[in-house]
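Below is one structure, written out as structure tokens; the observations come after it.
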Ligand code: IDP
């Protein structure tokens, strides 16, 4: 099954809403394939946000992403990359639709609670960036066949 990467950013850690958001993903029918806590450093962030290093806000983004440890999660499911992006909402919390994670928890462009991979190709690279192969578990709960029945 397809996999994606979610990072609970320092804004989620500070606000204590990790559990609520993880519950949304589980309630939707996505599987946790990997989960761990880590403190990001500048090297990994420069790689992860390489498309943004020239932006004027990049130093602020670096500082914000290193303000506390984060929780990285690998989620699995059918079309999971797209499903999680839809659940995440637009980058700017003020423009994100109500009902999305950013729409419900964020009021900022920078402090927007979670990162979610944009494409399936990007997800493969990002999972490899944050997890060792042995930290990803290939499994599915018994109820999955029911949740995904008839696709
Ligand atoms: P995404 O997280 O929705 O995929 P990206 O454009 O890849 O959006 O930006 C990565 C992260 O950089 C955002 O989630 C946000 O934290 C931060 N960011 C993006 N644009 C801005 C901005 O204009 N000001 C401050 N932070 C920004």
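Readers should treat all values here as calculations from the given coordinates under stated rules, not as data from a laboratory. On a predicted model such as this, the values are computed, not experimentally measured, just so you know. Neighbour counts run over all protein chains shown; Cβ positions are idealised from the backbone, glycine included.
A few points about this structure:
- Tensor-based shape of region 1-84 (alpha-carbon gyration tensor, a/c under 1.5 rounded, otherwise prolate or oblate): prolate
- Most mobile listed residue (38, 107, 66) in the chain, GNM with C-alpha springs under 10 Å: 38
- Cβ-derived FRET efficiency at R0 35 Å, residue 149 paired with residue 41, nearest 0.05: 0.20
- Multiplying the residue separation of residue 136 and residue 120 by 0.36 nm and removing their Cα-Cα distance gives an extension gain of 4.1 nm.
- Using just its DSSP H runs of length 4 or more, each adding -39500 (n - 2.57), the chain gives a mean residue ellipticity at 222 nm of -10500 deg cm²/dmol after division by all residues.
- Neighbour-count ranking [beta-carbon atoms within 10 angstrom, fewest first] of 8, 58, 131: 58, 131, 8
- Tensor-based shape of region 63-150 (alpha-carbon gyration tensor, a/c under 1.5 rounded, otherwise prolate or oblate): oblate
- Taking the fewest neighbouring Cβ atoms within 10 Å as the starting point, the ordered list for 114, 44 is 44, 114.
- Shape of the chain, Cα gyration tensor, a/c cut at 1.5: prolate
- The stretch between residue 82 and residue 67, if pulled fully straight at 0.36 nm per residue, gains 2.6 nm over its current Cα-Cα span.
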